[in-house]
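K.L.:
Structure provided below as structure tokens; questions to follow.
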Amino acid sequence: MSFFNDENRKLADEIVARYPRRRSAMIPLLHLAQEQAGWITQDAMQEIASLVDSTPAEVLGTGSFYEMFKFHEVGKYVINICGTMSCQLLGADDLIHHAEERLGVKAGGTTSDGMFTLERAECQAACTEAPTLQINYRYKYRVSTTDFDRLVDQLAAGALVDEIPQHGVLARVRQSIPTDRSVGAADPADENEPPVWMISGAQLRPEGGGA
Amino acid sequence: MTLRGTPIARAPGFIANDTPRIVTSRFEYDDSYSLDRYLATGGYEGIRAALALGPEATHGEVRDATLLGRGGAGFPAGVKWGFCPPGVWPRYLVVNGDESEPGTYKDRLLMELDPHQLIEGCLIACYAVGLSQCFLYVRGEMAVAQERVAAALNEAYAAGYVGKNILGSNFSVDIVLHWGAGAYVVGEETALIESLEGNRGMPRLKPPYFPAAVGLYGMPTIVNNVETLANLPWIMNNGAAAFTQIGTESSPGTRMVAVSGHVKRPGVYEIVNGTTTFRDLIYGDDMCGGIRDDNDLKAFVPGGGSAPWFTEDQLDIPFEGRVAGSAGSMLGSGAVMVMDSTTDIPSAALTLTRFYAHESCGKCVPCREGGSWLEKILTRIVEGEGTNRDLELLMEVGQTICPGDFPHASSERLGLEAVPFPYQMTTICFVGPSAFTPVHSAMTLFRDEFEARITKRDLIPVAVIGGES
Amino acid sequence: MTDVNQSASSTVAVTINGVDIDAHQGELLIAAAERNGVYIPRFCYHPRMDPVGMCRQCLVEVDTGRGMALQPSCMLTVSDGMQVDTESEKTKRAQEGMLELLLVNHPLDCPVCDKGGECPLQDQTLAFGPGESRMVEEKRHYEKPIPISDIVFLDRERCVLCDRCTRFAKDVAGDPLISFMQRGNETQVLTFPDDPFNSYFSGNTVQICPVGALTAKPYRFRARPWDLEEVESTCTTCSVGCGVAVQASRNELLRYQGVDVDEVNHGWLCDKGRFDFESVSSAERLRTPMLKNPDDAAELVGTEWNSALNAAADALRDRSVGIIGGARLTNEDAYAWSKFARTVVGTNNIDAQLADGLDATMIASLPKATIHDACSADTVLLIGPDLKEELPVLFLRLRGAAEKRMTKIVEITTAPTGLTRYAAESHTSTPGALAHDVSNVLDADPSLTTGRVVVIVGRANLAASPSEVEEAVGVLQRRIPAATYLPALRRGNVMGAIDMGLTPDLLPGRVSLEVGREWFENAWGTVPDAAGLDTAGMLEAASAGRIDTLVLLGADPIVDVPDRDLVERALAGVSTIVAVDNFATTSVRRADIVLPASGYAEKGGTTTNIEGRVSALGQLVTPPGTARADWMIAAELAYRLGGDLGLESVGDIAAEIATVVPSHLAPTPELSPETLLEESDVGDTSDDDDEQVPVVPSIDVPAPAGWVAPAMSEMKPADSYALRLVARRSLYDAATATAMSPSIAHLAESAAIRIHSSELARLGLTAGDHVNVTSSKTTIAIPVAPDDSISRGVVVMGVNQPGVGAGELIDLRSAVTEIQLETR
């Protein structure tokens, strides 16, 4: 039973090590699983359970609380059209109806070619640019129905692959804490002293440091 | 550090005006998010100033600045920091970057466009309060913000600004980028901590009221909003006194406000706290420039989707928490949503109620069951299937979530007297009441629009058989 | 977890509905109100779990100095000056509102719901609810019900999401196999797909479910609550002694429910204890006495009591007799059999333990600890079996205490146990070397010897001689003189049997034969001179032809004595076997005379748990056929042998115990069987009101036996080619409690030998392959199962799993059991 490929397994161990308690890595590891497979499989949850010292039931329990995790196959591009107030005031409902017709699926559905999953989403924090949508969590602002059609055409033609990675990939830059710079995480149960600078005050070298 | 793929377009929305620029000062540079730009514009001088002052004095400076939390509750950050019980270690910092309150758009800009400013803010907080590790929780759907913060952290670690012996001092702290996965309620600080612990993001019981006492892993934890922390470098560089020169005594500094909906120039503005009024914001030439098509203003949500609505009667209220509170609403997360005279009020209310019903974590019965029941009743009304009784039912279900007097805006015109915010509630957090807020505001201010939708009569109970009629 | 036992807590001034109540510092308002007779409705609150404040049903108006406001009373600790109004308009309105919302999506299928009639949702709706529903929309629908384990069914439509079952699974049982899934209005409780809620404690979730969402297979659609009769009793499935309410309808046991005994079980039961009521009403129960068919030794033929008792009396008269067993008996039964053996049969050959326990004198003389002591000790030293498998609720208590950091568990074990992951330290011990390993652990960390130390002592390995445990106790007594001990002996009333003298070296009251002789000769008239044999001794003697008649008093030595070969030789070596039992077990089928005994809930009496706590056993149903109480069988046999035990009722026996048994002469009221019998209003207590006069007023009450620990023996060097066998028990095994309870019988795992995967690889075996296992006794074939938690050089096998038992391989005379594995 091994879900993560070697590279991701190494990454998973690195992520787990950043937290004082393993379980905190639950959501990042679910993201990593979704990045690898596009959605979250049972194998993935079983492996995550063992990585974070939990049970598969708890992994699914935690994962299914969050909107972004998909427990069934979804399209290569998940299109989330915002339907919350600011977007609704500026025509989100029309955009969603249009999208449903254009893609031939109801919100929540996936096109038969597996390219698109359409979702009605909640506020995306781009309210001034309404109506907005996200494709695999990349924003498109002030989207008209014409814009939408053009987007779908471009995606179907593979024109936006550089801008929009496949579903599951979020940040394409990962945090990487260099070992020689890392302070490290300790279980709070094993650590009950104040940090050193709180005891002695900071000792700033006269010449300073940094870049 | 270069990003893979093509460069990502700058986040639009920010509109500069004449306000002093505390947190948005680098927003117009193309490379605002790079370390080079940050250093060229005074970056990481604030933490240097703090290190020279020592932790206690740094904390004192922030306390003196009366920096109000920008996440929604508006609690002074310096006071919150002081709630850590003495002698209990370790302590943690959790950065709330889970911006998702309807209408709110500012933290994402701060993370995408000036991540180093945020990182420096984190360092100052950790240094002042003795926080041994920082978790920077970015909303899951904000892939670009995650990339920018990750890249900035990688630069900052490499350059010695984060990690062991920062700037050669004995101050050492790790900042760990953490990211969510789509759940509005996680913006509530105890739910945020639950989520960070790898659990379902359900708010914790109160008391304790502040995670500063019992937070992450049961340890003292400071949860601060992104914008709050982004103010810290400026405060350390310029001093608390300079900060309090801006705005009013009780609401100093500036704040970022997103104005969306039916205005001519929707956008994110950095405005002077305490003195700027909603009229300035919505009608000011250097800001939104008025209502689209010069329509009349019907109503506006002054502080994020949870806030009770205002109308033109409240336009002259300034961005001052207590004034807005006693007028029956709140400034919340700096999100103004404007509805013009063409707005279909029941539909607008339904959109917000649906949001909160959908985002209920499911813990408290009134929110879990009541919120979705409100949504069902409201949907029925909007679709023309409602009955007379449904209007009362809406209010009664709402009363189960928020018993007692519910705040509403004072209006001589409408014969309303304000009940001060906040309201009483039967739930742990504000998600439940927030499902009722739009219903209550809309029904109070525009009941006629609901009544106009009622096409059906209640079934009249059959009279007692054989009774007189 | 809220401790009901608020010891030494100060009082807080709280007013509820205008009346001052007695509230303790730190107490939750909902609990303080209930203690004072004000019941606040609730669904999620449970006194034995941390509050979650989910259902909001317990909202009441509270003023803590800032004006009246609705507050959830399950989350609010009482404070000085608190004013509470549980009857105000606002409170009522809130409580009605919550109930209305809870019913919004509830299916209201009460007529076909098992919970109907005992349903908190139903009851509280009646008492606090709105009386009508205004919900006209479609309710939530789910497939109903779905099995979430072999025993438990879940109906998500009925669920009110109170988090009780999920909290129990995670926080109390440590088996988070069920969890909330989805969010908001779609939240539901579920397992992971294909990963059922297989917890030893799953039945508790059914009991604490405040609606009919969780139901247990054995009770589904069996009865309506108002048809149930109930008696409070004590579970005797193991020796923890959990409080239990036994429920029956029409003379058939239908359900056990946990009763919250603060000192013992906190309301919880293990699934074996909860569901093995099925074995009591099993069609396989012995209903009539039987005699061996003279023409066909393989057949037992039914007879009537008179013939069977006469035949048994003949077999006991003037013969060399050994009596094995008795831990199934009540204290009163055990006393009667002890007196019968000593005064009528004239033998000390009697032993309630089956060569799988510990020296009774040691157990009787060690300073005792309670479960509470263990859960609050600075250190619990665990040198015994896997408590999760053998004493599950003790495991639950210790796990909870360790998780709350109320105690620290230090385990010294040959193979990982259920407590290993909760133990502060888990040290691996080599089979046979326990005393050395204990000594080494104490050397390495002398701090373990300070503070309050409770030792839990039992048999971790039935393939090693008990002397390793006795030596280890010797080490502990020298190194930690103040330590107290909690014996981990598992059979239902083994402690009561030892107390009542069902042991060769002790007379009733834990007194030695020598010290107690005068006292008991006075009380009973006679005590046999010759020292008695323990079970191993009796079996050796029987196999050498020195015992004529073997009485199996609820004992199944073929599967329980860990030396199958010895038992076979013994059974072959005696001329008569008399069995007194509930079932025709493997051993009973070999008997010449079978006497059916009444079983659990079929007789009143008392039982004694591992702490020495005596509690009542309730009677609710009649025994099958003509089965009789064990004490009656003893009395009848005595009569036929020309004796008279002078015992005519359970009450008689209880009264005699209270006047004769030294340890029970001045018991605290809670330890007095008499008081218990009276209070519980069960059993046939004697109705004569004669003042009980001490029988032997002139003699000093004999002192309890003392025990001298054996010296530490030399360590036997391990045979480098051999593996050492660890033989342990599992909760579900092939014994009757499990095997005769259809709902749990299939949960017993088939016999297998567990071994580190590297050893398997060395032998070229994969999981499931059969391997030949050879010891000094024999060779058996058994499937292998890889288990990397087991040390190399050690293999683990079950004692009595379906299939082949470890007893085949074990020689009771050997210090350890060494085995060789060969591929077949």
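The values are calculated or read from the model by the stated rules, or taken from the named source; none is laboratory data. None of these values were measured; they are calculated from a predicted model. All Cβ positions, even for glycine, are placed from backbone atoms using ideal geometry, and neighbour counts span all protein chains on display. In case anyone asks, the SASA skips ligands and DNA or RNA and just uses the protein heavy atoms, side chains included. Shrake-Rupley method; radii C 1.70, N 1.55, O 1.52, S 1.80 Å.
K.L.:
Consider C:ALA415 carefully, then state whether it is of a type in the set (Gly, Ala, Ser), outside any loop (DSSP other than H, G, I, E, B) and open to solvent by less than 10 Å² (accessible area, probe 1.4 Å).
P.N.:
So C:ALA415 fails the test.
K.L.:
Then there's this: Looking only at the range A:20-44, which residues are open to solvent by less than 10 Å² (accessible area, probe 1.4 Å) and either of a type in the set (A, V, I, L, M) or touching a helix residue (DSSP H, G or I) at 6+ places or on another chain (Cβ under 7 Å) (or both)?
P.N.:
A:SER24, A:ALA25, A:MET26, A:ILE27, A:PRO28, A:LEU29, A:LEU30, A:LEU32, A:ALA33, A:ILE40, A:ALA44
K.L.:
Give the residues of the range C:385-438 that are within 22 Å of C:ASN609 (Cβ to Cβ) and of a type in the set (A, V, I, L, M, F, W, C), sorted by residue number.
P.N.:
C:LEU387, C:LEU391, C:VAL393, C:LEU394, C:PHE395, C:LEU396, C:LEU398, C:ALA401, C:ALA402, C:MET406, C:ILE409, C:LEU419
K.L.:
Further, regarding this structure: Scan the range B:73-99 for residues that are surrounded by fewer than 24 Cβ atoms within 10 Å (Cβ to Cβ) and under 24 Å from B:MET337 (Cβ atoms) and jot them down.
P.N.:
Selection gives B:ALA73, B:GLY74, B:PHE75.
K.L.:
Given the structure, is B:ALA156 surrounded by 24 or more Cβ atoms within 10 Å (Cβ to Cβ), out of contact with any strand residue (DSSP E or B) (no Cβ under 9 Å at 6 or more places or on another chain) and in contact (Cβ under 8 Å) with a residue 40 or more places away in the chain?
P.N.:
No.
K.L.:
Across the range B:392-405, what is the number of residues that are surrounded by fewer than 18 Cβ atoms within 10 Å (Cβ to Cβ) and at the interface with another protein chain (Cβ under 10 Å from one of its Cβ atoms)?
P.N.:
The number of residues fulfilling the criteria is 3.
K.L.:
I'd like the full set of residues that are crowded, with 22+ Cβ neighbours inside 10 Å, part of a helix (DSSP H, G or I) and at the interface with another protein chain (Cβ under 7 Å from one of its Cβ atoms), limited to the range B:168-191.
P.N.:
B:TYR184
K.L.:
Looking at the range A:157-167, which of the residues that are more than 7 Å from chain B (Cβ to nearest Cβ) and open to solvent by 70 Å² or more (accessible area, probe 1.4 Å) is farthest from B:GLN146 (Cα to Cα)?
P.N.:
A:ALA157
K.L.:
Let me ask something else. Given B:GLN133, B:GLN117, B:GLN146, which one is crowded, with 24+ Cβ neighbours inside 10 Å, over 22 Å from B:GLY305 (Cβ atoms) and free of Cβ contacts under 8 Å to residues at least 40 places away in the same chain?
P.N.:
B:GLN146
K.L.:
Looking only at the range B:71-99, how many residues end up being small (Gly, Ala, Ser), under 18 Å from B:LEU192 (Cα atoms) and part of a helix (DSSP H, G or I)?
P.N.:
1
Residues are listed down the side, and each one gets a yes or a no for (1) buried (at least 18 other Cβ atoms within 10 Å of the Cβ); (2) in contact (Cβ under 8 Å) with a residue 40 or more places away in the chain; (3) more than 9 Å from chain B (Cβ to nearest Cβ):
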{"site": "A:GLN134", "(1), (2), (3)": "yes, yes, no"}
{"site": "A:THR145", "(1), (2), (3)": "no, yes, yes"}
{"site": "A:ASP153", "(1), (2), (3)": "no, no, yes"}
{"site": "A:VAL169", "(1), (2), (3)": "no, yes, no"}
{"site": "A:ILE177", "(1), (2), (3)": "yes, yes, no"}
{"site": "A:ASP190", "(1), (2), (3)": "no, no, yes"}
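Each row is one residue, and each column tells you yes or no for (1) part of a helix (DSSP H, G or I); (2) open to solvent by less than 10 Å² (accessible area, probe 1.4 Å); (3) modelled with pLDDT of 95 or more; (4) closer than 21 Å to B:ILE193 by Cα.
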{"position": "B:THR6", "(1), (2), (3), (4)": "no, no, no, no"}
{"position": "B:PRO20", "(1), (2), (3), (4)": "no, no, no, no"}
{"position": "B:VAL23", "(1), (2), (3), (4)": "no, yes, yes, no"}
{"position": "B:GLU101", "(1), (2), (3), (4)": "no, no, yes, yes"}
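K.L.:
Here is a further query. Looking only at the range C:723-734, decide whether some residue is open to solvent by 60 Å² or more (accessible area, probe 1.4 Å), farther than 26 Å from C:GLU470 by Cβ and assigned by TED's automatic domain parsing to the domain that holds C:ILE819.
P.N.:
no
K.L.:
Taking the condition of being more than 15 Å from the chain's Cα centre (by Cα), within 10 Å of another protein chain (Cβ to nearest Cβ) and more than 17 Å from B:THR444 (Cβ to Cβ), how many residues in the range B:319-343 meet it?
P.N.:
3
K.L.:
Here is a further query. Of the residues that sit in the range C:111-146 and are more than 30 Å from B:LEU378 (Cα to Cα) and more than 34 Å from the chain's Cα centre (by Cα), which one is surrounded by the fewest Cβ atoms within 10 Å (Cβ to Cβ)?
P.N.:
Checking each candidate, the answer is C:PRO111.
K.L.:
Sort out which residues of the range C:57-70 are in contact with a helix residue (DSSP H, G or I) (Cβ under 7 Å, 6 or more places away or on another chain) and either open to solvent by 10 Å² or more (accessible area, probe 1.4 Å) or at pLDDT below 95 (or both), and write them in order of number.
P.N.:
Within the range C:57-70, C:GLU61, C:LEU70 meet the criteria.
K.L.:
Could you go through the range C:762-785 and let me know if any residue there is in contact with a Pro (Cβ under 7 Å, 6 or more places away or on another chain), in a loop (DSSP other than H, G, I, E, B) and at positive phi.
P.N.:
yes
K.L.:
Could you pull out the residue among C:CYS55, C:CYS44, C:CYS74 that is within 21 Å of C:HIS266 (Cα to Cα) and either touching a Phe, Trp or Tyr at 6+ places or on another chain (Cβ under 7 Å) or of a type in the set (A, V, I, L, M) (or both)?
P.N.:
So the residue among C:CYS55, C:CYS44, C:CYS74 that is within 21 Å of C:HIS266 (Cα to Cα) and either touching a Phe, Trp or Tyr at 6+ places or on another chain (Cβ under 7 Å) or of a type in the set (A, V, I, L, M) (or both) is C:CYS74.
K.L.:
Follow-up. Read through the list (1) buried (at least 24 other Cβ atoms within 10 Å of the Cβ); (2) within 13 Å of chain A (Cβ to nearest Cβ); (3) in contact (Cβ under 8 Å) with a residue 24 or more places away in the chain; (4) not polar (S, T, N, Q), then give the number of the only condition that B:ARG265 fails.
P.N.:
Here B:ARG265 clears every test but (1).
K.L.:
Given the structure, is B:GLY284 within 18 Å of A:THR84 (Cβ to Cβ) and not aliphatic (A, V, I, L, M)?
P.N.:
It is false that B:GLY284 is within 18 Å of A:THR84 (Cβ to Cβ) and not aliphatic (A, V, I, L, M).
K.L.:
Can you tell me which residues in the range C:375-412 are more than 25 Å from C:LYS170 (Cβ to Cβ) and in contact with a Pro (Cβ under 9 Å, 6 or more places away or on another chain)?
P.N.:
C:GLY384
K.L.:
Which residues, taken from the range C:425-452, are within 21 Å of C:THR407 (Cα to Cα) and surrounded by 24 or more Cβ atoms within 10 Å (Cβ to Cβ)?
P.N.:
Residue satisfying the conditions is C:VAL438 alone.
K.L.:
Could you look through the range A:50-97, keep only residues that are within 11 Å of chain C (Cβ to nearest Cβ) and in contact with an Asp or Glu (Cβ under 7 Å, 6 or more places away or on another chain), and pick out the one that is most open to solvent (accessible area, probe 1.4 Å)?
P.N.:
Filtering the range A:50-97 for residues that are within 11 Å of chain C (Cβ to nearest Cβ) and in contact with an Asp or Glu (Cβ under 7 Å, 6 or more places away or on another chain), the one most open to solvent (accessible area, probe 1.4 Å) comes out as A:PRO56.
K.L.:
Something else about it: Pairs needed: first member in the range C:332-351, in the same structural domain as C:THR608 (by TED's automatic domain parsing); second member anywhere, open to solvent by 20 Å² or more (accessible area, probe 1.4 Å) and not in a loop (DSSP other than H, G, I, E, B); C-beta distance under 7 Å; at least 6 residues apart or different chains.
P.N.:
Going by the 7 Å Cβ cut-off, the qualifying pairs are C:ALA336/C:ALA635; C:LYS339/C:TRP524; C:ARG342/C:TRP524; C:THR343/C:TRP524.
K.L.:
Something else about it: How many residues, within the range C:20-41, are within 14 Å of another protein chain (Cβ to nearest Cβ), open to solvent by less than 20 Å² (accessible area, probe 1.4 Å) and either outside any helix (DSSP H, G or I) or in contact with a helix residue (DSSP H, G or I) (Cβ under 8 Å, 6 or more places away or on another chain) (or both)?
P.N.:
Total satisfying the criteria: 2.
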